[in-house]
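Contents: one structure, followed by commentary.
We did not get these values from a lab; they are worked out from the coordinates using the rules stated. Everything numeric here is computed off the predicted structure, so don't read it as measured data. With ideal geometry, Cβ positions are generated from the backbone for all residues, glycine too; neighbour counts draw on all protein chains shown.
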């Protein structure tokens with residue numbers, strides 16, 4: 001019996017030692033798991049932020065319509081080439097003209113005067129200067145409040161050289177109540 005007692009004591013001590021080591025290891029593993037979970041949460045938050053940044057802009061083909069989550073729809077139509085008139089600014093310039101229509105089904109009025117429109121033309125993305133041509137009804141844009149259930153239409157013109165075909169029309173409709181993403185209507189013009 002004497003020879004078995006020390007073995008039992010040694011086995012018990014070893015078992016207690018392993019349990020103690022295992023406890024420290026479990027705590028270390030728990031800390032490592034917490035760090036991995038935190039990294040995963042940070043990566044998910046970064047992904048959500050990136051998706052949110054993408055939601056700041058939307059791309060629609062020329063001649064298309066985009067409806068915002070709040071019920072406001074923006075339609076771009078009638079894209080065609082032309083030449084500004086003798087009394088226009090700039091005068092006798094090749095241009096592209098188009099119509100933007102706003103349909104307000106948001107449940108409240110919208111200040112359309114805060115609508116911002118920009119043109120980029122060609123492969124180099126040069127700014128297409130706005131054409132003011134009263135004879136062709138171009139240049140006034142949106143100027144008033146659009147009540148719920150109503151629509152408003154405005155005609156625009158942008159200088160566009162005859163040898164360019166790519167057109168990008170940027171439309172931002174913002175008012176005091178709602179910040180909406182910017183719409184990029186893009187495509188080729190014959």
### Summary
Over region 111-156, the quotient of the Cα radius of gyration and 2.2 N^0.38 Å is 1.40
### Query
What are the extents of the Cα atoms of region 139-190 along their three principal axes, listed from largest to smallest and rounded to whole Å?
41, 22, 17
### Query
Based on the mean of other beta carbon atoms within 10 Å per residue, what is the order of 134-140, 68-74, 123-129, most packed first?
68-74, 134-140, 123-129
### Task
Could you let me know the centre-to-centre spacing of region 69-129 and region 158-190, using Cα atoms, in angstrom?
7 Å
### Task
Over all directions, average the projected area of the Cα convex hull of region 58-188 and note it in nm².
7.4 nm²
